Structure formats: structure tokens, C-alpha cells
Amino acid sequence: QGDRFPNVVVAIDGSVLAVWGGVKVRRSEDGGTTWGSEILVGKGHMGGGVTVNESNGDIFAFVGKAHPPTTETVYRSQDHGKSWAAVETEIKPDSKGNKPEMHMNEHGITLRQGKHKGRLLRPARFYGKTNAGGEWPNHYTTAIYSDDGGKTWLTSDPFPAFGTGEATVAELSDGRIYYNSRRHWAPEGVDNLRRWTAWSDDGGATWKDLSICEVLPDGPRDTGYGLMGGLVRLPVEGKDILIFSNVESPSGRHHGTVWASFDGGKTWPLKRLVTEGSFAYSSLDAGRPGTKSAGWIYLLSEGGGANVARF
């Protein structure tokens, strides 16, 4: 109760981890039926972008000292989220010379194919000088990626739109990276009530083909402020089934909803209501084949506290 900033990830052994502000985690070892007690990751501000390294099972969490701009500490678990310890890492600035901020984004991923197989990739952002509205035109999202197991992280080129923040990424079956972002500021005459998307052909180093997704809402319809959403690609070989979460509401953060795409984000023909009640920031992940989490989709969301749904 009273905490914010959710990420849900599934460890390689199938344990489901619900991570949120504080920074704390609770684990489920039976596919989400029961949950263990709170485990402290590290004291501070939730950084989002919790990332499972599918090559060796390491899990990385990013903890800030305060709301950004700030400094972060990277924590690692080598036992599927049971214990955590700070690790030394280097996160290099982007092509503009700006330090990427970790807060607040959807979980990271491990790339599964092509020449960048094994790369860790998670969305990040640049806050400008502050998080105040006057700085929003200078904000933009990016991504950080590591090819050495999380020791060193490079920062991608900026997402090709200003005013963006709180992003999501998914690797498609052809190796391209789909990037889907909140946008809380846009130039006059540009729609910022819907989600903005771009693509990468180089493992998340650069982004192109900026477009607006006419279907997916970015928060309530009465504000252009946007809302963090969840995204996951389901583990179905050769299929690009994406699930996205946000609100479908004329006003206020409620009516949490999920959408499905069966063509890697080109169209979103199916949606389902999760709850009519309070619903804000959200995160999605999918179970792992061969474990107790197999077949499930997990949704961790804000709304009177942290809530888990599975379907």
C-alpha cells in the first residue's frame, strides 16, 4: 500500500518477481498463486528497467538516491531474486553527452537472436535539468545496452521525439527492436494522446521510423500528460504476439486494459478490460516454458497499492 513504480519480471527458473518503489521485491515460486515476504533490493528510489540476463540468470535492478536527475546504484541478484548486492558498473553517456536516467521504464530484455544475441537492453531517458514542465521539451527517451553481462552499458541514440519518457522495448522474431513510449509533451498541433513508436535494426543502438500508434492510448483522454504502460512479447516461436497495458478512460487513471497485437505492433485488434477501478503505472511479463510460470501473462500495476493480475 502506498508504494509506486512497478516492474514484473520472470526469472529463468520461472520465479515471478514483483518489484516496486522502496526498492522491494516479492517472489512467487508457484506461477503467481502465492507470494513470499518482502525482500529489500536496496534503499532508494525505484529505477525501473529490471532486467533478467537469460544467458546466466543474473537479474539487474536500478536504484536511485532520489527522483531524477540523480545518481543510481545497480544491484544484481544471482539467485533468482532471493538476495541482492550492489555491483560496479559503468553507464556511458549518449551521443549528446547526456547521462541517461533509469527512472521510470518498463523492464529490460535479453536479445535472443542475430549478431547481438545475449545483449541486455533496457529503456532509459534524459530528464534535462529537472522534471518540471518547463523542461519537458528537452526530455527524451533512450535505451542502454550491455554486451559484457552488465559490467558496461552503452547508451543508444535518442528516441526521435522530444517530450518522451517511460518507454518499453520488445525484440521481434526478425531481430528488430520495437520501441513504444509515453509522451508527455509534443509541439503544438502534434497528438500526444496516443503512444509513440520507433524501430531499431541494430540491436537498440539507433531508432528510426518514428510514428504514432493510433490505437493505443497514452493515459486518460482528457490530458496529454501520458502514462507509463507495460509491454511484453509472448514466448511463441516465430510469432510476434505483443501485449500492452494502459488505461482506456475518458478522464482519470482507471479502467486498466490490455491490448494484443499479432503482427509485432502494426495493428492491435484485441483488447480486454482488466479492472474498472484505479489503475496507473503498469508492467507486463510472460511465463517461461518448462517452469511453473509457463502459459501465464503477468501484470503488475498501481491502483490503491500494488496489484498483480495473471491471465
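List of remarks:
Condition check ((1) without any contact (Cβ under 8 Å) to a residue 60 or more places away in the chain; (2) more than 23 Å from ASP191 (Cα to Cα); (3) of a type in the set (A, V, I, L, M, F, W, C)) across all residues:
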site: ARG125; (1), (2), (3): yes, no, no
site: GLY128; (1), (2), (3): yes, no, no
site: TRP136; (1), (2), (3): yes, no, yes
site: ALA167; (1), (2), (3): no, no, yes
site: ALA170; (1), (2), (3): no, yes, yes
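- Which listed residue is polar (S, T, N, Q) and either modelled with pLDDT under 95 or under 19 Å from the mean Cα position of the chain (by Cα) (or both), from SER301, SER278, SER293: SER301
- Test: GLY32 is under 22 Å from GLU72 (Cβ atoms), outside any strand (DSSP E or B) and touching a strand residue (DSSP E or B) at 6+ places or on another chain (Cβ under 9 Å): no
- Residue identified as surrounded by fewer than 22 Cβ atoms within 10 Å (Cβ to Cβ), of a type in the set (Ser, Thr, Tyr) and touching an Asp or Glu at 6+ places or on another chain (Cβ under 6 Å) among THR257, THR267, THR291, THR275: THR257
Here's the yes/no breakdown for (1) assigned to a strand (DSSP E or B); (2) hydrophobic (A, V, I, L, M, F, W, C); (3) touching a residue at least 12 places away in the same chain (Cβ under 8 Å):
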{"position": "GLY14", "(1), (2), (3)": "no, no, yes"}
{"position": "VAL63", "(1), (2), (3)": "yes, yes, yes"}
{"position": "ALA66", "(1), (2), (3)": "no, yes, yes"}
{"position": "PRO69", "(1), (2), (3)": "no, no, yes"}
{"position": "GLY81", "(1), (2), (3)": "no, no, yes"}
{"position": "ASP94", "(1), (2), (3)": "no, no, yes"}
{"position": "GLY97", "(1), (2), (3)": "no, no, no"}
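- Looking only at region 165-198, and only at residues there that are part of a loop (DSSP other than H, G, I, E, B) and among the aliphatic types (A, V, I, L, M), the one that is least open to solvent (accessible area, probe 1.4 Å): LEU172
- Taking the criterion of being over 11 Å from ALA198 (Cα atoms) and either open to solvent by less than 20 Å² (accessible area, probe 1.4 Å) or in a strand (DSSP E or B) (or both), the residues of region 143-164 that qualify are ALA143, ILE144, TYR145, SER146, GLY150, THR152, TRP153, LEU154, THR155, SER156, GLY163, THR164.
- Per the listing GLY230, GLY226, the residue uniquely in contact (Cβ under 8 Å) with a residue 40 or more places away in the chain, buried (at least 23 other Cβ atoms within 10 Å of the Cβ), closer than 13 Å to THR164 by Cβ and out of contact with any Cys (no Cβ under 7 Å at 6 or more places or on another chain) is GLY226.
- Qualifying residue in region 44-51 (condition: assigned to a strand (DSSP E or B), open to solvent by less than 10 Å² (accessible area, probe 1.4 Å) and over 18 Å from VAL308 (Cβ atoms)): yes
- In this entry, ARG253 is excluded by the filter for residues that are within 20 Å of the chain's Cα centre (by Cα) and closer than 13 Å to ALA170 by Cα.
- In region 281-309, the residues that are in a strand (DSSP E or B) form Cβ pairs under 6 Å with partners that are charged (D, E, K, R), at six or more places apart or across chains, as follows: SER283/GLU106; TYR298/ASP285; TYR298/ARG310; GLU302/ARG4.
Okay, residues lined up against (1) more than 28 Å from THR89 (Cβ to Cβ); (2) under 16 Å from the mean Cα position of the chain (by Cα); (3) basic (Lys, Arg):
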position: PHE162; (1), (2), (3): no, no, no
position: GLY165; (1), (2), (3): no, yes, no
position: SER173; (1), (2), (3): yes, no, no
position: ARG176; (1), (2), (3): no, no, yes
position: ARG183; (1), (2), (3): yes, yes, yes
position: ASP209; (1), (2), (3): yes, no, no
position: ASP218; (1), (2), (3): yes, yes, no
position: LEU227; (1), (2), (3): yes, yes, no
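- Count of region 125-142 residues which are more than 15 Å from MET104 (Cβ to Cβ) and either assigned to a loop (DSSP other than H, G, I, E, B) or of a type in the set (S, T, N, Q) (or both): 5
The values are calculated or read from the model by the stated rules, or taken from the named source; none is laboratory data. Given the structure is predicted, the values throughout are model-derived calculations rather than measurements. As a convention, Cβ positions derive from the backbone with ideal geometry for all residues, glycine included, and neighbour counts pool all protein chains shown. Note: accessible area is taken over every heavy atom of the protein model, side chains too, but ligands, DNA and RNA are not part of it. Shrake-Rupley method; radii C 1.70, N 1.55, O 1.52, S 1.80 Å.
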